[in-house]
Structure formats: structure tokens, C-alpha cells
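A short worksheet on the structure shown next.
The values are calculated or read from the model by the stated rules, or taken from the named source; none is laboratory data. A quick note: this is a predicted structure, and the numbers were derived from the prediction, not measured. Here the Cβ positions follow ideal geometry from the backbone for every residue, glycine too, while neighbour counts run over all protein chains shown. For accessibility, only protein heavy atoms count, side chains too; no ligands or nucleic acids. Shrake-Rupley method; radii C 1.70, N 1.55, O 1.52, S 1.80 Å.
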Amino acid sequence: MADSSNHCFHCGLPNTATADAKSKYPVVVNDETEYVCCPGCQAVCESIISLGLSDYYQFRENLPDVSPKELEADLEQLEFYDHQKVLSKYTSLDDEQNQSIALMIQGIVCSACTWLIESRISKMPGIKIISVNQTTSRALVSWDPEIVKLSEILKSINLLGYQAQPYDQKIKEQQLIDENKRALKKLAVAGLGMMQVMMYSLGFYLDTGSEMSHSTATILRWTSLLISAPVVFYSASSFYISAFKALKNKAVNMDVPVTIAIFSAWGASLYTTLMGQGEVYFDSVSMFVFFLLTGRYLQMKAIHRASRVLEFKLKSKPETALRISENVEKRVIQERVLLDDVLVDDHLLIKPGQQIPCDGIVIKGETSVDESLLTGESMPLHRKIGDNVAAGSINKGDAITIAVTKIAEDSTLNGIIKLMQRAQQDKPDIQLFADKIASYFVTMVLVVALSTGLFWLQQDSHQAFNAVLAVLVVTCPCALSLATPVAITTALGRLTSMSLILNRTKVMSSLSELTDVVFDKTGTLTTGGFSVSELDNRSEIFDSEVLYIISLIESESEHPIATAFQNNDTSTIVQEYAKKYQLDETSLISSKGIEAIISGERWMIGNSSILSNETIYSADEKLPAGQLALYLLQDEQCIAKVIVKTEIRKDAATTIEQLKSMGIKVHLLSGDQQSNVQQTADELAIDTFYGEQTPEQKLAYINALTSKGLNVAMVGDGVNDSPAMAASLVSFAIAKSTDITKTSADIVMLSDQLSSILDAIRLSKSTRRIIKQNLLWALSYNVLAIPLAVSGFITPWIAAAGMSLSSLVVVFNALRLNRRIT
């Protein structure tokens, strides 16, 4: 063995570090301190020792066959992820300056794999959060960069037998393609092998009178052995690799009993073939592998389908943008730049049909944009100079120029993607419970199989092997392991297609238990703007012309009332008005209204204080709460009166009505005047309402409800709603909520449809029902199958078919969540 003073204790390569530097990489082996050459060898050595395998160093005869160049290349590849530029691309910082990253992990096959990774990595110093999603093979990791590096985290996961790297859509897409090809190849080999072996086995099944000659039986056995070998050693190889990883790390997963079953059956058949007599199980092994691979393949396709919404949004992100600027000669220059190089205030040219790469404001041109990727709204929306546009929208009209307000990393689309990724890593309580059951279930299966073998050895030794094999096969906990994660992943994909993003997956179960829903008013039940309720036109010009003139006067106003007159009409008559009336200038008359010069003529719109005594309108008319009267003057002559009212969302009334039909009580809390709140409550048939509420009072109201044991949801849009939303069991943030509100809410609504709250509640109830059905099916199947297998009533090939059928039932039952929820 190499001298440890000059060579690495683990790999035996020359330790080129100085004497002082050696102390950086010490390892304690059998109470003695040894030194290794690098962090990689240190991590491997510590892993071997922690697993209780330190005798490896005492009894090894040869040093690991590792090339210095290979070792150096591996280390450099991992350390590459510690570079600041790489970290800024893949990670984000929270308020406590902890870094977070989404990782792709290859090699995960069941819930035991996720448990192993989570339990080992969570023990590393500096790790704040580690959450692994079995169905998407992704992990969310949060850590303190002052204590641990990203390369060290990746290295630790790799040492467990998995391959981890930062999530990259292109790499992930290629991995999925490669995974699909590998699965199909293995499935094809298993299928062909199974059919051929079954054909040869038919001779044994039909030989009921034992008339087959010894030579014929020998030929059939050896032929079956040769055909089944590729099935066992190629098609089923992924099961063995997974089982080895688990056992190496002192854990068990569902592939452990699968591996034992395959090798036991094939090994016993090999022995029988060599001896020239006895029963062979080549057909059962081949059938078991084929059925298991079929179930795994359908499971894989279902998972890919369930998470397709997030992949689509990730794939939709453009990589470049067309930036325009002026040179010293004031000439416009266009250059194609990487999206990461675009900065705030840069000017980008968006051509027809292109996706808007960053959030921005239109500074030139006019167009229509398709925001269906973000909000689910199918109709294109009009955008003109001064309007905001969001990343991910598609330009459906003419070319426009935008000034960037948020870089790509901070864009609306990227924010949605991050929320979705975070939601997919979160696990509801019911999934944690199912994962815990699955991890213990595998151990129980092995104990039952061993007990069955011991029992039958005493009763009938010829039946012992068949019974043990049937137990191992029929109890493969695939269905139990899939029962919850497939349903949750499918539900998340369905929610996203409904324009709902979950910040926390745990609220999926809470939604189905709601008893009360509390709404904010302004910006939640109402749009936050106004609409025209009535027009009393006493002039000789058309009503549409009067409204166009008012919209022209209000076009530069920031007052909420101006929203009642926003004119997006592009009809021919409006185009004629645009030629006839040209806005020259406007001026604000404090506390009264707006004065404007239009095509040289003086106009004014405002409240009753602008009226003269000779007006034909009554200024003393008392209007219902929430309504205002505006007057239009032409050269100081009042020609029209307009009534505007607070605009209630179109689906607010039906949403509240249906919530009541579900047995959910509706409340209204608002900081607005009590009279306005009462008017909105009366219009929407809300019995419990309170106005002039401070954030503290809203919070106290929510706490009072929860103290009575009620399950409360809060729907709001502003910072003033955040305390009450945080105190509620479930919180919804409206599409146009503040960033703080969206971040703290459990569910973010990407569209303005309040009816999506109903969709979320219905889907939650359906998901809970599907999960319970899956768990009940998986547990009932095993409760019924195990006694039959133990008693010898189930043959191995029947067990293989039953196990696969059980898994498929769970997967296809979860996919029912993709149907329309009613």
C-alpha cells in the first residue's frame, strides 16, 4: 500500500499538497487520522466510513484504478457550479441570503429513493431545505453559501448513486427523450423474450402425462434459459441498479424485493437446467419483468404528461431579444443579444408573432397581445403607448418597441415558473404519510417472504419456493408508492391549466375542508375601476361621440374614474371621430375635474361644482352608494350627464352563489366606506360585511373565525390584506395583486376570473377523493393478495400480472383528474 505521508490514503495518487495544506483534507479511519489529496477523495472516504465499511481499507489488495486526469476533470466539473456567474443563472437568494436551486436527479425509482436523498442531504451542515419530487425527479435545495458549496451538495448526491445537476430545460428534454428510448428498447426485448419463452413453456404445461422425453425437456429448458437471459440481464438491469443503491446506503426500496424475486426464480431455474430435472420459471420471470416494465413505462408517460404545463412554460422562454439603440450619429442600431444581457430601460423591438421576452412599457406602436400563456385569457388584449406588457405574451398585431421594466430573471413569466417549481417540490401531509407507509412496507414484504419460506419448508418443501416467489412479486409496492405523488402531480398540472399557481402544495387538502371565504372588496370583488352606468345626452351629437370626447379628455388622467372611459374600440365610426377631434392640451382643475382644448374648442368634465346656476341638470340628486355623477361642458354649456359606478367583476355574483351552494359562508371585509361596502354586499347577496376595516381589524376578524374551529380562506389583492391572508388556512391572491401579496399567498390567480376559486375547491375535493381511492385500492389489494400468495393459491406469473394491474389502476385513476371538474 502507498505511503500515506506522500500519497493519498484513498486513491494512492501522489499527494502534491504542501504539509500545511494536507490538514485541509483529513479523514479519521479506525481512530487514526489519515490525509487525502482532494475534497473528492475526502467525501468518498467519509462515505465509506459512515456506512461501516472502513475494513475496506484494511483488506483491499489494490488501489482504485483512477486516472489523475479523470479525477481532476470530475472535480473541475463539479467546482464549475460554484462560479458566481453559474450560480446567478441557476440559483436565487431569499431574504436570509440563503441560496435555492432546482436540481434534476437521475436514478429515482420510488419513494424510498426520495427518502434516502432527503435524509442524507438534510444532515449536511448549512442545508436549510431539501425536498425531492419522485414523479418529476427534481429536487429543491436551499442552503447557506457561507457554510456549504453547491458542488459539495451535488457530490454528496452523486455518492449516493444518483446523478444530480442544476435544472436545465434543454438537458431535461433530451434526458426524457433518451429515457423513453431506453425504456422502449428494454420493453421490446422483454416482450419478445416473454412471448418466445411462453411458447416453449407451453410444452411443459401440456405435458400432463409426463410423456415428454428427457432430451426434449432439456432442449426446451436450455432454449428458454438463453432467451430469458437478455430479459433478466438487460431489460431488468435498472431494478438491480436501484436495489444496489438502496442497500449500499443501508436502505430498502421497492426494487429490492423485485431483484430478489428475479434472481431467485432465474437462479433456481438455472440450477434445474444444469441438473437436468425439476421445474423451471423462465416464463414467470420473463412475464414478471415485462409486466413490471410495462407498468413503469406507462407510469413514466403519465408523469411526463402531468408535468407538461410547467415544461411548456419553461420551453416558452425566449433566449434572445432584439435590442435597439442609437449610435453617436443618432442612427438606430438593431442587435440580437442574449436575454441575460438585457437590462432595465433597454429598448426592445417586438415584431409581429414574436414573444415578448421581458416585462416592459410600450413606448412606440400599438398592437394586440395574447396573454393566454400567463392568464389563460384566449382573447388578444389591446396595448398602446404607456401600457404594460408582460414577458411570455405573444405580439399578435403590429411591431412595437418596449422599454424594459424588469430583467428576464424578475419577469412575470419567470416568477410564475418559480412558483410552479416550488409548488412541485412541496408535499402535502397525505403524501408524507403515504411515503412513510411505503418505506416500512418494503421491509414488511421481506419479513413476510422469509416467514413464508420457513413455513412451507416445514410443510411442503416443493411448494416453498413458489410461495416465496409469489409473495415477493405480488406485494411489490409500486401502487402504494404511486398512489399520492401521481395524483398530486396531475392536479398541479390541471391547476396550472386553470391559471392557478400554488405556492404551497399542502393547501391542496385544506381547500376541500373550507367552511368560510372572506373577500376584500376593492380590486377583488370589484375591478378597482369604474364603468358607465347611465348617459343623459341633451346635445345634438351622438351618444358614442359624447363618450369618445370624454375618453379623449380622460386619456391622460391617472384618476380611477378614467378607467370608465378607456376606449379600445377600433371601428370605422371611432376612426372618423379620431379625425374630427384632436386633443391639443389638458389641465387639471383641483377638486373639480379636467379642462381640455380639443380641435381649438374648450371642453370640461367634472363634478357638480363646475356647473352654473342655469344648468338643465339637477346637482342635488342623491345617488346610491358607489355611484358618481359627471358633467360634460362644451364652451361652459352643459350638454351631457354621465353616471359612473364601481365595477363589480362579471363572475363575482355567480361565484358567491356557488360558494353558498357548497355550504361555504361568504364574508366581505373592506377598508372602504361602510355605505359603499353595503351597496356591494347587497348587490352580491353577501349577508356578513364590514367596512372601514384596518389591516389589524381584518387580521383580528380572521383570528376570531379560526378560533371557533372554522376553516377560513382569504381572497385579497393588496399589502393591507397580507396579515389576514397569512392568518387564514388558505389564501388567494388576485392576478393584479402586489408582488408582496403574491409571494405570501398560498394560491396565485393568473386570471381575473373569481370562478377559478370554485375550480380550485372542486379539484381539491376530487384530488383528495382520488388519493383515498388509490391508497384504499393499493392497501386492499395487498391485504387480499398476501394471504393468497402465502397460502400458495397464486402462482408467480399470476402474481406478476396482478402486481402490474394494481399499478396501472392507480396511474389511470389519477389521470382522471385531467377531465373537466364539476
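Some points to look at:
- Rounded to the nearest whole Hz, the Karplus-based 3J(HN,Hα) values (6.51 cos²θ - 1.76 cosθ + 1.60, θ = phi - 60°) of region 785-799 follow the sequence 6, 4, x, 5, 5, 4, 7, x, 7, 10, 7, x, 6, 5, 4, with x at glycine and proline.
- Amide H contacts under 5 Å for Tyr167, placed H, 5+ residues apart: Ala102, Leu103, Met104
- In sequence order, calculated HN-Hα J values of region 80-85 (Karplus, 6.51, -1.76, 1.60; Hz; x Gly/Pro): 4, 6, 8, 5, 4, 5
- Database remark: amide H of Cys8 closer than 5 angstrom to the amide H of Leu13, Asn15 (H placed geometrically; neighbours at sequence offset of 5 or more, or on other chains; Pro and chain starts carry no H).
- Protection proxy ranking of 484-491, 704-711, 97-104, 519-526 - average other beta-carbon atoms within 10 Å, highest first: 484-491, 519-526, 97-104, 704-711
- When the solvent-accessible area of region 658-777 is split by element, carbon and sulfur atoms take up 52 percent of it, the probe being 1.4 Å.
- Relative intensity, log₁₀ I(q)/I(0), of region 662-810 from a Debye sum that treats every alpha carbon as a point, q = 0.21 Å⁻¹: -1.36
- Using θ = phi - 60° in the Karplus curve 6.51 cos²θ - 1.76 cosθ + 1.60, the 3J(HN,Hα) couplings for region 801-818 round to 5, x, 4, 5, 4, 4, 5, 5, 4, 5, 5, 5, 5, 5, 5, 5, 5, 6 Hz; x is entered for Gly and Pro.
- Carbon + sulfur, % of accessible area of region 252-292 - ligands and nucleic acids excluded, 1.4 Å: 67 percent
- Mean Cβ count within 10 Å, highest first, over the residues of peptides 270-277, 235-242: 235-242, 270-277
- For region 506-547: span of alpha carbons on each principal axis (Å, largest first): 62, 15, 13
- Between Asp340 and Tyr297, the FRET efficiency estimated from the beta carbon spacing at R0 = 51 angstrom works out to 0.85.
- Annotation: per residue accessible area for region 679-807 equals 42 Å², rounded to a whole number [probe 1.4 Å, protein chains only].
- Annotation: amide H-H contacts under 5 Å for His667 (H modelled 1.01 Å from N, sequence separation of 5 or more, or interchain): Val517, Val518, Phe519.
- For region 745-810, the extents of the C-alpha atoms along the principal axes are 60, 17, 17 Å, listed from largest to smallest.
- Average accessible surface area per residue within region 203-267, 1.4 Å rolling probe, Å²: 47 Å²
- Portion, in percent, of the accessible area of region 505-560 that falls on carbon or sulfur, probe 1.4 Å: 46 percent
- Per-peptide average of other Cβ atoms within 10 Å, ordering 284-291, 364-371, 681-688 highest first: 284-291, 364-371, 681-688
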